[in-house]
Structure formats: C-alpha cells, structure tokens
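To start, the structure under review is shown below, and the notes come after it.
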Amino acid sequence: ACPPASERLAEFADFVAASAQHDLEELFTRTFDNVADRALEIGWHLHGETYDRGAFLVVMRGRLRDLGIAENGELPDHLSHGLLVLALEDPDKAPSLALETMLPAVVKIKAGLAKFESPYLPVLDAIECLLQTYETSDPSVKPS
C-alpha cells in the first residue's frame, strides 16, 4: 500500500537485529512511557486529559469489543489498538478513523520523536504513510 514504508521499516528491522532484547525494551519504555509528547495513546493527543478523551476511550473500547479484538494491558486508545480496529473496520468508517483520528495523533507523536534521534521514527513514518493511503475517495479501497 505504501512502498516507502517498507524502506523505512527495513531501517528499523536492521536496528532491531543489531540490538539486544533488554536494550530494546528499555529504549521503548524511555521513548514512549510517561512522556506526554511521545505517548502512544491516540485520545491523549486528540483530547488531552479531558472528558472528551474519556468518551473516546468508551468508543474505542466498544469498537474493540464489536470487532472481537481482545484488550491487552494498554488503554483502548493505544495506537496498537487503533491499528487493529482500522484493519477490521467497516470500509465506510475506516477513512474517517485513519484521517481524522489516527493521522493527527501520529503526526504529534512523530513531532515528539523528532526532538532526538529515535530509531522508532521509521515505524511512525510507515504508519503515517499507511494512514495517508486512506485519502482515496473510494471507501471500498482498503490498504493491503
């Protein structure tokens, strides 16, 4: 769906292959956990700590349930959940989720990552590229 994404992901794959598991886990935690501008919770980037985020969490939890996606230890608005919902979402609803909800959050996360040399930036670049593929006017076209 997005050839430049595979190039960016290859960079990340090389980094992962050259890194020890515990180093990757520590870097992930330092990069994303408890760092507001790099948090992976979509709702936080869209609404901050407001009631609107709470409503968004309820909506996302409902989408997860309706689509048969099991919650893990992350909040329902976590980027990983959003990507799963997007993959299974009704083709008429997916563009709105991708372009109006997820893409603005990913752009904000990338801005937080751009403040330092993050090996995770290629992954967010690839996700951004994928989300932008939903800009087609035909909602039945879904990225592969």
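What to note about this one:
- Enumeration of residues in the range 107-119 that are within 24 Å of Leu64 (Cβ to Cβ) and surrounded by fewer than 20 Cβ atoms within 10 Å (Cβ to Cβ): Val107, Lys108
- The range 1-29, subset surrounded by 15 or more Cβ atoms within 10 Å (Cβ to Cβ) and within 17 Å of the chain's Cα centre (by Cα), residue nearest to Thr133 (Cα to Cα): Cys2
- Residue selected from the range 33-49 under the condition of a type in the set (Asp, Glu) and outside any helix (DSSP H, G or I), by the criterion most open to solvent (accessible area, probe 1.4 Å): Glu49
- Checked against the criterion of being open to solvent by 20 Å² or more (accessible area, probe 1.4 Å), more than 22 Å from Phe15 (Cα to Cα) and touching a Phe, Trp or Tyr at 6+ places or on another chain (Cβ under 6 Å), the candidates Pro91, Pro95, Pro104 yield just one match: Pro95.
- The residue list Asp92, Asp77, Asp66, Asp52 contains one member that is on the phi < 0 side of the Ramachandran plot, among the acidic types (Asp, Glu) and either in contact (Cβ under 8 Å) with a residue 40 or more places away in the chain or in contact with a Cys (Cβ under 6 Å, 6 or more places away or on another chain) (or both), which is Asp92.
- Test for Arg61: is it open to solvent by less than 30 Å² (accessible area, probe 1.4 Å), assigned to a helix (DSSP H, G or I) and over 21 Å from Leu121 (Cβ atoms): no
- Residue satisfying condition, being modelled with pLDDT of 95 or more and either not in a helix (DSSP H, G or I) or not hydroxyl-bearing (Ser, Thr, Tyr) (or both), within set Gly68, Gly73: Gly68
- Here Leu83, Leu75, Leu46, Leu67 are screened, and the one residue that is more than 16 Å from the chain's Cα centre (by Cα) and not β-branched (Val, Ile, Thr) is Leu67.
- Positions within the range 1-54 being of a type in the set (Asp, Glu) and under 14 Å from Tyr120 (Cβ atoms), in sequence order: Glu11, Asp14, Asp23, Glu25, Glu26, Asp33, Asp37
The values are calculated or read from the model by the stated rules, or taken from the named source; none is laboratory data. The structure presented is a predicted model; accordingly, all values stated were derived computationally and were not measured. All Cβ positions, glycine included, derive from the backbone under ideal geometry; neighbour counts span all protein chains shown. Note: areas computed on protein heavy atoms with side chains; ligands, DNA, RNA excluded. Shrake-Rupley method; radii C 1.70, N 1.55, O 1.52, S 1.80 Å.
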